[in-house]
Amino acid sequence: MKTITILGATGSIGINTLDVIKRHRQIYKVTALTANRQVDRMVSLCQEWSPRYAVMADAEAAERLEQRLKKLNVVVEVLSGIDGLTFVASLAEVDIVMAAIVGSAGLLPTLAAAQAGKRVLLANKEALVMSGQLFMDAVRINGAELLPIDSEHNAVFQCMPPRFKIPSSSHDELVGVSRILLSASGGPFRSYPIDQLDDVTPDQACAHPNWSMGRKISVDSATMMNKGLEVIEACWLFSLPPNRVDVLLHPQSVIHSLVEYVDGSVLAQLGNPDMRTPIAHALAWPERMSSGVPRLNLVEISRLDFEDVDFERFPCLKLAYDAMSAGGTTSTILNAANEIAVQAFLEERLRFSAIPKVIETTLSKFSGRAANSLEIILEDDARARELAKSVIRN
Ligand code: NAD
Ligand code: MG
């Protein structure tokens, strides 16, 4: 039996993970589930999965969960807060940690899993964007295994040379790879009139044409900051500089990414746009197992289209490339300002088209520095959030 902690169990990735595990109950046992505040959902997950631990990030929600479970005679140890999250991410009895908390809140528990040498299934790209060097060092030093869940990075990983591992131990593992092409659907506004982007609503921005996801990543997909964060994520996962990570617009989301080799070969991974494929791949790696995803029908799809990405329409993508090139905590600042701007947009306090402006202004007022420690990263993250909030107020 393999034991698993699911950080962010009530979210889109968490639910998809449980859906895959449900098909393989003889192999996987759920030891811990975590969420932020969704007590109702957690009650039903605890009834269905009987984990040893359930953690709510919010202390008051944890109390309510504990009372509800007691009434139902469901025996689960309820913990709360960041201590509870890092505790279940590093339990000795756990083999695999699915890191699927959204945003910077995922950093400490995901890092704890890496420090405890777990197999870390990484969905929470923000952790890597905030603290790439520190995080990859923790993986390396503690012998953790990192497997990408983000569909693009999972696709790239599948197309890498057979000896390639994350973290790569030497550049020999990348011999022959000339560049990575990350696919991007372009989101709901790929061909929307640019001058009307001022008035789009959160619901319009969250209506992704191909993927069903949480609201934060859906807005990131609409601005293409999601692809920007993924470029940074790819640089760290695959030890490549940003000028060897390109973005290819591909509206159908069937090719999930490609790896180009020096001999002219280009390897791609294809599949239906369903996160259960990368989740099952990372759970079972290096084996394969069924995921519940229907077979890809290329005849029905019949055509695949490609376009260059328009940086003027998607300024967030350019901001992310520049932040990665600048290095240090610049991408921490980018990520923090983006989280604040997206939250303000979702709460209808900020226009969609102002999201990149808030990030750009924050970056222009606050230069990054060497990201040498967790303290520095958390300090710059907090300061960037305050700055971004004041940019939005003014
Ligand atoms: P979601 O909003 O659906 O779920 C987020 C989960 O995190 C929930 O369980 C929530 O309770 C928990 N959470 C939120 N705030 C928290 C906090 N402060 N402390 C502790 N827990 C908290 O998000 P999602 O779409 O499942 O995405 C999760 C992560 O996976 C994100 O980093 C996202 O970028 C990444 N990802 C998602 C997809 C997708 O298809 N949904 C694809 C690729 C990558
Ligand atoms: Mg992705």
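The values are calculated or read from the model by the stated rules, or taken from the named source; none is laboratory data. Note that the structure is a prediction, hence the values are computed from the model and not measured. Cβ sites come from the backbone with ideal geometry, for glycine too, and all protein chains shown count toward neighbours. We work out accessible area using only protein heavy atoms, side chains counted, and drop any ligands, DNA or RNA first. Shrake-Rupley method; radii C 1.70, N 1.55, O 1.52, S 1.80 Å.
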Å³ per residue of the Cα convex hull, for the range 122-204?
143 Å³
Sort out for me the Cα centre separation of the range 3-79 from the range 174-210, rounded to whole Å.
33 Å
Would you kindly state how much longer the chain becomes between ALA370 and ASP308 on full extension, computed as 0.36 nm times their sequence separation minus their alpha carbon distance, in nm to one decimal?
19.0 nm
Could you state the principal axis extents of the C-alpha atoms in the chain, from the largest down, to the nearest angstrom?
57, 52, 44
Return the Rg/Rh value of the range 2-148, two decimal places, where both radii are evaluated on C-alpha atoms and Rh is the Kirkwood radius.
0.96
Between SER170 and VAL74, take the C-beta separation as r, use R0 = 56 Å, and let me know the FRET efficiency to the nearest 0.05.
0.70
Beyond 19 Å, the calculated P(r) of the range 200-285 holds a percent of Cα-Cα pairs equal to 50 percent
What spacing in nm lies between the two simple spin-label points modelled at ASN394 and GLN196, each 7 Å away from Cα in the Cβ direction?
3.4 nm
Of the candidates VAL309, VAL120, VAL175, which one comes out as most mobile in a Gaussian network treatment of the chain with C-alpha springs shorter than 10 Å?
VAL175
What number comes out for accessible area per residue over the range 71-181 if the probe is 1.4 Å? Units Å², please.
36 Å²
To the nearest 0.05, how large is the calculated FRET efficiency for ILE82 and MET289 if R₀ is 45 Å and r is the Cβ-Cβ distance?
0.85
The Cα radius of gyration of the range 327-394, divided by 2.2 N^0.38 Å with N its residue count, comes to 1.06
Could you compute the FRET efficiency for HIS24 and LYS318, with r as their C-beta to C-beta distance and R0 at 30 Å, rounded to 0.05?
0.10
With runs of 4+ DSSP H residues as the only contributors, calculate the mean residue ellipticity of the chain at 222 nm using -39,500 (n - 2.57) per run, divided by the residue total and rounded to the nearest 500.
-14000 deg cm²/dmol
Where labels lie 7 Å past Cα in the beta-carbon direction, separation of GLN38 and LEU248 in nm:
3.4 nm
Whole-percent carbon and sulfur share, accessible surface of the range 2-148, 1.4 Å:
49 percent
The chain: relative contact order as a whole-number percent, Cα under 8 Å and 6+ apart:
15 percent
Alpha carbon Rg of the range 266-371, scaled by the compact-globule rule 2.2 N^0.38 Å:
1.49
Which three lengths, in whole Å and largest first, does the range 142-287 cover when its Cα atoms are put on their principal axes?
50, 30, 28
The range 347-380: GluC sites (Glu not before Pro) in DSSP coil with no more than 12 other Cβ atoms inside 10 Å
GLU347, GLU348
Just to be sure I understand: of the beta bridges DSSP finds with both ends in the chain, what percent are antiparallel, rounded to 5?
25 percent
At what distance in angstrom do the alpha carbon centres of the range 240-256 and the range 261-333 lie from each other?
6 Å
Here the relative contact order (percent) of the range 327-394, from C-alpha pairs under 8 Å and at least 6 apart, is 49 percent
